[in-house]
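What follows is one structure encoded as structure tokens, with my remarks underneath.
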Amino acid sequence: MLFLIFSCANKKEQEKIEPKVILPDGFAIDVKLAVSENEKALGLMYVSELPDNKGMFFINDYDQETPFWMKNCLINLDIIFLDDKLTVVDIARNVPPCESEPCPYYFSSKPYRYVLEVRGDLSKEHNLNPQDKIVTIGFLTDR
């Protein structure tokens with residue numbers, strides 16, 4: 001009986017899908033989700049290298065207009081603002097780390113619900129632009 005319980009638990013772990021974002025050209029990015037206020041505040045601070053297939057996805061419960069900044073970031077990032085239907089509303093491309101206070105703010109031209117952060121210029125290399133739609137796997141399954 002114990003074996004059966006452990007084998008079922010193992011199967012459920014294997015079936016767990018890691019969160020991914022798929023760009024319109026089919027490129028897949030494994031994402032770490034930022035849901036809590038602490039996760040959002042930390043973001044990609046202190047990350048010294050970000051492979052092309054890795055990123056962070058910020059999840060908000062309602063539309064936002066708050067800016068992003070690059071305090072304590074060590075690498076250039078693309079900040080991709082998305083609406084509630086996962087359509088790109090704006091992109092701040094190849095944003096450099098903050099070198100001195102006060103750090104500049106990066107705003108979306110329109111309200112956004114979600115944000116995808118990836119390595120700087122990755123969105124340009126994959127020809128991602130406003131009005132493009134992305135797909136999520138393993139989270140936001142109702143979109």
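Data for the structure
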{"read-out": "Calculated from backbone phi, Karplus (6.51, -1.76, 1.60) coupling profile of the range 37-44 in Hz, x at Gly/Pro", "value": "4, 5, 4, 5, 5, 6, x, 9"}
{"read-out": "Range in the chain, longest, excluding exposed GluC sites (Glu not before Pro) [loop by DSSP; at most 13 other beta-carbon atoms within 10 Å]", "value": "1-48"}
{"read-out": "Length-normalised contact order for the range 29-137 - Cα pairs under 8 Å, 6+ apart - percent", "value": "30 percent"}
{"read-out": "Charged-residue dipole, Cβ positions (Lys, Arg, Asp, Glu), the range 29-137 about Cα centre, Debye nearest 20", "value": "120 debye"}
{"read-out": "FRET efficiency, 1/(1 + (r/R0)^6) with R0 22 Å, evaluated for Asn94 and Gln64 via beta carbons", "value": "0.50"}
{"read-out": "Residue-by-residue Karplus 3J(HN,Hα) for the range 99-114, coefficients 6.51, -1.76, 1.60, Hz, glycine and proline x", "value": "8, 7, 7, x, 6, x, 9, 10, 9, 8, 6, 9, x, 9, 10, 10"}
{"read-out": "Inter-site label distance for Tyr106 and Asp84 at 7 Å from Cα along Cβ, in nm", "value": "2.6 nm"}
{"read-out": "Cross-link reach list, aspartates and glutamates versus Lys133, counting only Cα pairs under 13 Å and skipping chain neighbours closer than eight places", "value": "Asp25, Asp83, Asp84, Asp90"}
{"read-out": "Karplus-derived 3J(HN,Hα), 6.51/-1.76/1.60, for each residue of the range 77-88, Hz, glycine and proline x", "value": "9, 9, 10, 9, 8, 10, 8, 5, 9, 6, 9, 5"}
{"read-out": "Förster radius 22 Å - calculated FRET efficiency between Tyr46 and Asp121, Cβ distance, rounded to 0.05", "value": "0.60"}
{"read-out": "Total formal charge among the other residues, if their Cβ is under 12 angstrom from that of Tyr62, Lys/Arg +1 and Asp/Glu -1", "value": "-4"}
{"read-out": "Gain in span if fully extended, Asp25 to Lys133, counting 0.36 nm per residue against the direct Cα distance", "value": "37.8 nm"}
{"read-out": "Fluctuation leader among Asp78, Asp30, Asp61 - the chain, Gaussian network, Cα springs under 10 angstrom", "value": "Asp61"}
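The numbers here are math on the coordinates, done by the rules we state, and not lab data. Worth saying up front: this structure is predicted, and the values here are computed from it rather than measured. Every residue, glycine among them, receives a Cβ derived from its backbone with ideal geometry; neighbour counts consider all protein chains shown.
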